[in-house]
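Structure, as structure tokens:
The values are calculated or read from the model by the stated rules, or taken from the named source; none is laboratory data. Since we're looking at a predicted model, the values are computed, not measured. Cβ atoms come from the backbone with ideal geometry, glycine included; neighbour counts cover every protein chain shown.
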Amino acid sequence: MLYVDWLGLHINVYAQIVGLVGMIVLVWSYQLKKTGFLALSSVAMAIFLAESCILAADSDTFTGIVLNAAAIVRNLLMLFCLKKLRRELPVWAAICLLAAAWAACAWKLGGWYTWLPPVLQTVYTLFCVSKRYTLLKTGALILESGNLVYNASVGAYIGVFRQIVLVIGVIAGLIGYLRASGRKKCAAKAAQITPAAD
């Protein structure tokens, strides 16, 4: 592994490069429609899973590995349900996935901040079962903001920077989606108005 010392931090260069790529992919995914978001965010979660595996040599990243793997499964199940079954992920499936994730990582939980990532993933997953894409994006905003608090709590300053970028990305994606939805509603109303006969 390649390490550098910067501002008192011992940085794993490979992990940071992988994490930067994951951040870029995830920010990009937040700008897409639902199916595109699910596909691309699954790629981002796979990249973050690789980052966690690289960092496992330096620190305990077991919870991160479990949550990233669960996020990939959740996103792929949601994509399958939307594409093949023409419906949202059933609540029971989301609850089963959350129960498995909690069972896998609960024994690693200690201080209050260690509970934050699984709680945030739980909240986000429950937002994901809604048909409304705005709720999914709102859940993503809660998730990324909460992860910002987590990184600040553990002194992961590079993680804080990344989370700030991700929060901005979610907000930009939400604003873009709301604007596009507003334009569609205006166009639909305009189409319903018929000109008066002469």
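A count restricted to segment 160-186 and to residues that are crowded, with 18+ Cβ neighbours inside 10 Å and either farther than 17 Å from Asn147 by Cβ or of a type outside the set (Val, Ile, Thr) (or both) stands at 7.
What are the residues in segment 74-91 that are in contact (Cβ under 8 Å) with a residue 40 or more places away in the chain, farther than 21 Å from Val119 by Cα and surrounded by 14 or more Cβ atoms within 10 Å (Cβ to Cβ), if any? Can you show your working first?
The first filter runs over segment 74-91 and keeps only residues in contact (Cβ under 8 Å) with a residue 40 or more places away in the chain, leaving 74, 78-79, 82-83, 88-89.
Remaining after also requiring farther than 21 Å from Val119 by Cα: 79, 82-83, 88.
Scanning segment 74-91 gives Leu79, Leu82, Glu88.
Look through segment 34-73, keep the residues that are free of Cβ contacts under 8 Å to residues at least 24 places away in the same chain and more than 28 Å from Tyr133 (Cα to Cα), and return whichever of them is surrounded by the most Cβ atoms within 10 Å (Cβ to Cβ). Step by step, filter segment 34-73, then rank; the result is Ser52.
Restricting attention to segment 121-149 and to residues that are in contact with a Ser or Thr (Cβ under 9 Å, 6 or more places away or on another chain) and touching a residue at least 24 places away in the same chain (Cβ under 8 Å), the residue that is farthest from Asn75 (Cα to Cα) turns out to be Thr134. Out of Val91, Val149, Val119, Val129, one residue alone is in contact with a helix residue (DSSP H, G or I) (Cβ under 6 Å, 6 or more places away or on another chain) and either modelled with pLDDT under 95 or among the hydrophobic types (A, V, I, L, M, F, W, C) (or both). It is Val129. Among the residues of segment 94-113, what is the count of those that are surrounded by 14 or more Cβ atoms within 10 Å (Cβ to Cβ) and free of Cβ contacts under 8 Å to residues at least 12 places away in the same chain? Number of matching residues: 1.
Within segment 17-33, restricting attention to residues that are in a helix (DSSP H, G or I) and surrounded by fewer than 17 Cβ atoms within 10 Å (Cβ to Cβ), the residue that is nearest to the chain's Cα centre (by Cα) is Ile24.
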